[in-house]
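Note sheet for the following structure.
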Amino acid sequence: MRNVTILGSTGSIGVSTLDVVARHPDRFRVFALSAATRVEELAQQCRQFQPRFAVMPDAGCAERLRLRLKELAVNCEVLSGVDQLCTVAAHSEADMVMAAIVGAAGLPSSIAAAEAGKTVMLANKEALVMAGRLFMEAVHKNGATLLPIDSEHNAIFQSLPANFGDGLNKAGVRKIILTASGGPFRTRPLAELTSVTPEQACAHPNWVMGRKISVDSATMMNKGLEVIEARWLFDATPEQIEVVIHPQSIVHSMVQYLDGSVIAQLGNPDMRTPIAYALGYPERIDAGVSMLDLAKSGKLEFEAMDVDRFPCVRLAYEVLRRGGTAPAILNAANEIAVEAFLGGELAFLDVSRVIEEVLAAVPVTEAQELADVLRADMQARVAARERVALLRLQGQAAE
Ligand code: NAD
Ligand code: MG
């Protein structure tokens, strides 16, 4: 019986994780759950899964949860604050931690789980983007097991030999090929992208996800973040990582070997597959997904990526080559720009513009410790908010 902690349990990945866990009561016990604001949803999850701890970073939310659990007669200790979240992520009785908080907010608890030597199932790609080197050091120093949840990285993990940690060259790997659906705007004329709405951006053709990652998929910053994620997970150089458009999202990613072989992982687009892979690892367990039937799924298409249409992918490669705190700056600027777009304050095409301007304005330093990363993150947020406000004023003046 393995004790599982789920950080971000009310989100898209969190709910899918609980769905898989519920199919295997003989294997998994929910040890702790955590969410930001959805008190009632978390209360219902606690009622169903009876965890020992429930954590809400905000004290007010935590108090409401306490009262609600009392009403429901659920016996579960409610904690609050980021420190408590980290304590629970590192708790000695938890075996596995699903890190599924969205954005930079997930970094402290993801690192805490790695430092405690847990099996970390990492969905929170932003943690690796911001602090890849420090995160991987925490994993290696403390004997943690890192299992990627992002479907592409999970596919690559499945397509690599077990000894890939000794180096990709030694393992005979030539390239990692990340597939990208191209999002909802792959074929839309560029001129129309000026006026797209958050609802249109969040309507992904193949996946149902949280709003932040949905917008990231529409700008293709999601693929940019995934390039950086792959760099750290597999110790790959930027030249060893390639992106190819595959609109059907059936081939989740591929590894090309020196002898010309390409090994891929395929499946229907359902995050419960990579989640079940990680939960059961190294065994295979039922995920509750519908089985892929290639004869019925029709054509699988592949095409080159259009960098002019999606400048965010170019920016991601640039920060990767620059190193230091540059990826943290890109990530923070993106979070602010996406939030502004979702709030109706920023036009879709200005998301990449804000990020590019922030990258030009905020100084890049070495990322030797977490404080360096957090400082860059904060500076980039301030700079991004200024840019958003400026663009808004210019937009109002033009009207
Ligand atoms: P979501 O918005 O649906 O859920 C986010 C979860 O994080 C919620 O439970 C929320 O309560 C919690 N949260 C948000 N802000 C928080 C804060 N400040 N402190 C603590 N908790 C907080 O997001 P999602 O789509 O489930 O994505 C989660 C992560 O997984 C992201 O990093 C995303 O990039 C990654 N991911 C998601 C998918 C997907 O299919 N949804 C696929 C690959 C990777
Ligand atoms: Mg992905």
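The rows are residues; the columns are (1) under 30 Å from F341 (Cα atoms); (2) modelled with pLDDT under 95.
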{"residue": "A138", "(1), (2)": "no, no"}
{"residue": "A144", "(1), (2)": "no, no"}
{"residue": "S151", "(1), (2)": "yes, no"}
{"residue": "G167", "(1), (2)": "no, no"}
{"residue": "K170", "(1), (2)": "no, no"}
{"residue": "K175", "(1), (2)": "no, no"}
{"residue": "L193", "(1), (2)": "yes, yes"}
{"residue": "P198", "(1), (2)": "yes, no"}
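Please enumerate the residues belonging to region 223-248 that are free of Cβ contacts under 8 Å to residues at least 12 places away in the same chain and polar (S, T, N, Q).
T237
Within region 159-184, which residues are away from ligand 2 (no atom under 14 Å from the Cβ), surrounded by 18 or more Cβ atoms within 10 Å (Cβ to Cβ) and among the polar types (S, T, N, Q)?
Of everything in region 159-184, just one residue is away from ligand 2 (no atom under 14 Å from the Cβ), surrounded by 18 or more Cβ atoms within 10 Å (Cβ to Cβ) and among the polar types (S, T, N, Q), namely S159.
Does T5 count as in a strand (DSSP E or B) and in contact (Cβ under 8 Å) with a residue 24 or more places away in the chain?
Values: in a strand (DSSP E or B): yes; in contact (Cβ under 8 Å) with a residue 24 or more places away in the chain: yes.
Here the answer is yes, as T5 does meet what is asked.
So A123 clears everything in (1) within 16 Å of ligand 2 (Cβ to nearest atom); (2) out of contact with any Gly (no Cβ under 8 Å at 6 or more places or on another chain) except one condition, right? Which one?
Tallying (1) within 16 Å of ligand 2 (Cβ to nearest atom); (2) out of contact with any Gly (no Cβ under 8 Å at 6 or more places or on another chain), A123 fails exactly one: (2).
Scan (1) modelled with pLDDT of 95 or more; (2) within 12 Å of ligand 1 (Cβ to nearest atom) for the single condition N206 breaks and write down its number.
The single condition N206 does not satisfy is (1).
Residues in region 312-333 that are touching an Asp or Glu at 6+ places or on another chain (Cβ under 7 Å) and either closer than 17 Å to G183 by Cα or in a helix (DSSP H, G or I) (or both): how many?
Here the count works out to 4.
Between a first residue in region 112-124 that is in contact (Cβ under 8 Å) with a residue 40 or more places away in the chain and under 23 Å from E335 (Cα atoms) and a second residue that is buried (at least 19 other Cβ atoms within 10 Å of the Cβ) and among the hydroxyl-bearing types (S, T, Y), which pairs have beta carbons less than 6 Å apart while being 6 or more apart in sequence or on different chains?
That search, which allows pairs on different chains as well, returns N124/S110.
Looking only at region 52-81, filter to residues that are of a type in the set (G, A, S) and part of a helix (DSSP H, G or I); which one of those is surrounded by the most Cβ atoms within 10 Å (Cβ to Cβ)?
A62
Out of (1) part of a helix (DSSP H, G or I); (2) under 17 Å from P247 (Cβ atoms), the odd one out for A230 is which?
Unmet condition: (2).
Would it be correct to say that P269 is modelled with pLDDT of 95 or more, part of a loop (DSSP other than H, G, I, E, B) and not aromatic (F, W, Y)?
Yes, satisfied.
Among the residues of region 1-51, count how many are crowded, with 23+ Cβ neighbours inside 10 Å, within 16 Å of ligand 2 (Cβ to nearest atom) and farther than 14 Å from M121 by Cα.
The number of residues fulfilling the criteria is 1.
Do you know which residues across region 160-189 are in a loop (DSSP other than H, G, I, E, B) and within 18 Å of T145 (Cα to Cα)?
Result: L160, P161, G167.
Filter region 126-150 for residues that are part of a strand (DSSP E or B) and hydrophobic (A, V, I, L, M, F, W, C); which is farthest from ligand 2 (Cβ to nearest atom)?
L146
Quick one: is F135 in contact (Cβ under 8 Å) with a residue 40 or more places away in the chain, surrounded by 24 or more Cβ atoms within 10 Å (Cβ to Cβ) and over 22 Å from M209 (Cα atoms)?
For F135, the condition - in contact (Cβ under 8 Å) with a residue 40 or more places away in the chain, surrounded by 24 or more Cβ atoms within 10 Å (Cβ to Cβ) and over 22 Å from M209 (Cα atoms) - is met.
Looking for something farther than 30 Å from E137 by Cα, under 22 Å from the mean Cα position of the chain (by Cα) and charged (D, E, K, R) - is there at least one such residue anywhere in region 319-342?
yes
The values are calculated or read from the model by the stated rules, or taken from the named source; none is laboratory data. What you see is a predicted model; the values in this text were computed from it and never measured. For neighbour counting, all protein chains shown are included, and Cβ atoms are generated from backbone atoms with ideal geometry for every residue, glycine included.
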